[in-house]
């Protein structure tokens, strides 16, 4: 009975939240849906093979068949951008998903139980905040060596303490509400109270923070690849494309401009969505 | 005054475990490399004799706690070991590199504060256009990757207009004017996103303060609007702004790694990236240690400044 009520109210709230989102947030969500479709359908959308070298088209200017022009090896920049979306968004999605899935139980337990449980969980996570974010990522890459998977792990490691903190604060607030007290009074086990009451009601801020961080993850991934520490050539990646474009900047600026704009659009979309969600899912202002 | 002194001491003592954790973490980096770090550094064709020699040189065969003790003792005396490739002492190398990174990050932060705070105030009290323009700039500044913005600036100012050099560096002591020419584009690149954050924070903090009763009282009293906004409101809104400046300094230090590489500035960030690609672990460690220490020191200074701007913060620390 109670469970059904919580679920229905949750669904109703989610539905009304989507409807009531500001236009900018809905625009952000729409852009992301389109970009996700581009990433998934990359082989169907890209007009050319992203790695096909064409000596006749070296640094060729944009035209109808090649809307973003060609790079120093004659590769089609548009096709490479489409495939780079796929690489970047997969890395970002994996990183944020892993960080959120680990942060959810850790933050919830720390916030619900407090005391020594909180200390055991939160103190080690705080240690990860001792280094600036990009430096933490670079330290991990220095240990393991560069690569896409390492870049994803590095971003997840940066985000884990931030997301766990948000979830902890949110769970702490929810744990003090009457309905959680009610669950306890009914004699439910702590795990049942957490599962039925705390997690569903404390999830909002985590989602908001994850959406905002996903945007920055695109930038971090691009920065790491740009430095040669992330995705390795010849896999198309937005950061690597920026690094390639830099060498031919004056002769062929299109090699540089389009992948950069692509990054800006993704980050913008995540920001719009995150800011819009914040107002609806984070009434206590837990998210920084 | 007494409780302020206690606040300062408390904050200083709390920094010690942070430095300790950071130094252990950075010390462990080379020890965490999968397999044999010396083989990774020397390449797979290294002779066993060379491997043994380098292991001994880096004291990798000593017990772990002794290695840490020796390393940290050296670091405290400015001895960071030597560059694995060029055999140069790292202390001297860092002494050349640190000023470049400091110049870049500090100038960027100053520019971001000088531009961001007034714009944030305008966004809070100004008309619709002031608000729209600043909001547009904030969205732009936050969304555009800094290194791409840097490349676009190079394309415009160094490529098309040829007003400024595209990359490179001259020390300030050699040629102050030349130094500023070389550092201008990197500073603009790094400052753009920071300015956006400071505008956003200033606006939010100002809006919070401007709604408080004492502002209504000042208005009723007939205090000039200028003095209300810049004298009374901004002073009360300053603590959150200072906090964000401190937090964002860490982001700037990270951004400096990318911007230094982009503009070929001989700073610590570029040193770290080059060293990672060469698997030059002693340099990686020394560089990371320096940047992390800068970050911790700046966080400490920020907390102290915020404590002095807003006495409520230092009072809370006491109870």
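The values are calculated or read from the model by the stated rules, or taken from the named source; none is laboratory data. Source: prediction; values computed, not measured. For neighbour counting, all protein chains shown are included, and Cβ atoms are generated from backbone atoms with ideal geometry for every residue, glycine included.
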### Query
If you take the residues in segment B:150-173 that are at the interface with another protein chain (Cβ under 8 Å from one of its Cβ atoms) and surrounded by fewer than 21 Cβ atoms within 10 Å (Cβ to Cβ), which one is nearest to the chain's Cα centre (by Cα)?
B:152
### Message
Considering only segment A:237-246, I want to know if a residue exists there that is at pLDDT 85 or above and not in a helix (DSSP H, G or I).
### Response
yes
## Note on the structure
residue A:114 meets each of (1) touching a strand residue (DSSP E or B) at 6+ places or on another chain (Cβ under 7 Å); (2) at positive phi with one exception, condition (1)
### Query
What pairs can you find where one residue is in segment A:256-279 and more than 20 Å from residue A:244 (Cβ to Cβ), the other is not in a helix (DSSP H, G or I), and their Cβ atoms are less than 7 Å apart, with a gap of 6+ or different chains?
A:276/A:21; A:276/A:22; A:278/A:287
### Message
I'd like to check something: does segment A:189-204 contain any residue that is in a loop (DSSP other than H, G, I, E, B) and either at pLDDT below 85 or over 30 Å from residue B:260 (Cβ atoms) (or both)?
### Response
yes
### Query
Tally time: how many residues in segment A:110-148 are in contact (Cβ under 8 Å) with a residue 60 or more places away in the chain, part of a helix (DSSP H, G or I) and more than 9 Å from chain B (Cβ to nearest Cβ)?
5
### Enumerated helices (runs of 4 or more DSSP H) restricted to segment B:201-306, each holding at least 2 residues that are over 14 Å from the mean Cα position of the chain (by Cα) and away from chain A (no Cβ under 14 Å)
B:213-221, B:234-263
### Task
State whether the residues of segment B:279-302 include one that is out of contact with any helix residue (DSSP H, G or I) (no Cβ under 8 Å at 6 or more places or on another chain), touching a residue at least 60 places away in the same chain (Cβ under 8 Å) and more than 20 Å from residue B:23 (Cα to Cα).
no
### Message
Taking the criterion of being at the interface with chain B (Cβ under 8 Å from one of its Cβ atoms) and closer than 30 Å to residue A:109 by Cα, would at least one residue in segment A:238-261 satisfy it?
### Response
no
### Task
Scan B:215, B:257, B:198 and give me the residue that is surrounded by fewer than 23 Cβ atoms within 10 Å (Cβ to Cβ) and at pLDDT 85 or above.
B:215
### Task
Please work out which residue is farthest from the chain's Cα centre (by Cα), limiting yourself to segment B:105-148 and to residues that are surrounded by fewer than 17 Cβ atoms within 10 Å (Cβ to Cβ) and not in a helix (DSSP H, G or I).
B:127
### Task
Determine if segment A:50-57 includes at least one residue that is in contact (Cβ under 8 Å) with a residue 12 or more places away in the chain and either closer than 16 Å to residue A:222 by Cβ or in contact with a helix residue (DSSP H, G or I) (Cβ under 7 Å, 6 or more places away or on another chain) (or both).
yes
### Task
Quick one: residue B:24 ticks every box in (1) touching a strand residue (DSSP E or B) at 6+ places or on another chain (Cβ under 9 Å); (2) within 14 Å of another protein chain (Cβ to nearest Cβ) except a single one, so which number is it?
(1)
### Query
When the residues of segment B:3-28 are filtered to those that are touching a residue at least 60 places away in the same chain (Cβ under 8 Å) and under 30 Å from residue A:150 (Cβ atoms), which remaining residue is surrounded by the most Cβ atoms within 10 Å (Cβ to Cβ)?
B:26
### Task
Please list, ordered by first then second residue, the pairs with beta carbon atoms under 7 Å, 6 or more apart or interchain, first in segment B:29-42 and facing chain A (nearest Cβ under 9 Å), second modelled with pLDDT under 75 and surrounded by 19 or more Cβ atoms within 10 Å (Cβ to Cβ).
B:30/B:37
## Note on the structure
All-but-one check, residue A:222 against (1) part of a helix (DSSP H, G or I); (2) out of contact with any helix residue (DSSP H, G or I) (no Cβ under 8 Å at 6 or more places or on another chain), failing number (2)
### Task
Select the helices (runs of 4 or more DSSP H) contained entirely in segment B:1-62, then report the ones holding at least 3 residues which are within 25 Å of residue A:135 (Cβ to Cβ) and either modelled with pLDDT under 75 or in contact with a helix residue (DSSP H, G or I) (Cβ under 7 Å, 6 or more places away or on another chain) (or both).
B:2-32, B:37-42
### Query
Taking the condition closer than 20 Å to residue A:98 by Cα and crowded, with 19+ Cβ neighbours inside 10 Å, does residue A:198 pass?
no
### Query
Looking only at residues in segment A:47-89 that are assigned to a loop (DSSP other than H, G, I, E, B) and closer than 23 Å to residue A:33 by Cβ, which one is nearest to the chain's Cα centre (by Cα)?
A:50
### Selection status of residue A:229, touching a helix residue (DSSP H, G or I) at 6+ places or on another chain (Cβ under 8 Å), surrounded by 21 or more Cβ atoms within 10 Å (Cβ to Cβ) and in a loop (DSSP other than H, G, I, E, B)
yes
### Message
Taking the condition of being buried (at least 19 other Cβ atoms within 10 Å of the Cβ) and without any contact (Cβ under 8 Å) to a residue 40 or more places away in the chain, how many residues in segment A:83-108 meet it?
### Response
0
#### Entry: Residue list for segment A:258-285, restricted to those being outside any loop (DSSP other than H, G, I, E, B), out of contact with any helix residue (DSSP H, G or I) (no Cβ under 6 Å at 6 or more places or on another chain) and modelled with pLDDT under 85
A:275, A:279
